[in-house]
Amino acid sequence: MKNFNHSFFVHKELIEKMILTKLITMEKLKPLIEFKFFIMTAVGVITFSNFVLVLFSHTIPNIVWTFFKDVGEMVIIVSVFAFAFAWLLKARPHNRPKNYSIVTFDVFGKESKIDGLRTEFRIHDVAWSYMKQYKKAYPLYNFALVSDNPQSDRKTIFRYI
C-alpha cells in the first residue's frame, strides 16, 4: 500500500501542477479573453464592410449597367423600326411615265420642230441617249425630255440640254 499511496500523492501533485499551470496560462490569456468582445466586433465590422464593398463595387453596378445596356438596345431597335415605318409610309411607289417625248427649242427659246427626228419613246434611257445625239448634231437647238403627268395639266421636264 505504501507504493499505492505514494503514487496516489504523486498523481495528485501532478494534477495540482497541471491545474496551476492551466491557471497561469489562463491568467496570461485573460486579457485576450476580455478582448474577445472587441475582436468579434472587429471581425463583424470587417465582414460587413466586405459585403458592402462587394455590393456597391460589383453587384449594383453590374445590375445598373445591364439595365441601361438593355434599355439602350431597345431604344435603338425602336428607333430603327420607327424610321422604317415612317419611310414605308412616305415612300410610295412612283408612277413612272409610260411615254417620253423630246421637245426642241430654237435659239430664241421658242418650241420648234425639226423634220426627221424621232420624238416619242417608251424608255427614259433611250430618250436621253437620243437627246444627247441630237444635241451633237444640232448644237444651236436645246432639247427637253418631257412626259405627261396625269395629275397635272402641264408636261413635266425630266432633262434639259
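No lab work stands behind these numbers, since they all come straight from the coordinates. These numbers come from a predicted model, not from an experiment. We place every Cβ from the backbone using ideal geometry, glycine too, and count neighbours over all the protein chains shown.
In segment 114-156, the qualifying residues are those that are under 16 Å from Tyr100 (Cα atoms) and among the basic types (Lys, Arg), and the one that is surrounded by the fewest Cβ atoms within 10 Å (Cβ to Cβ) is Arg154. The strands (runs of 3 or more DSSP E) falling completely within segment 53-161 that include 1 or more residues that are charged (D, E, K, R) and in contact with a helix residue (DSSP H, G or I) (Cβ under 8 Å, 6 or more places away or on another chain) map to 155-160.
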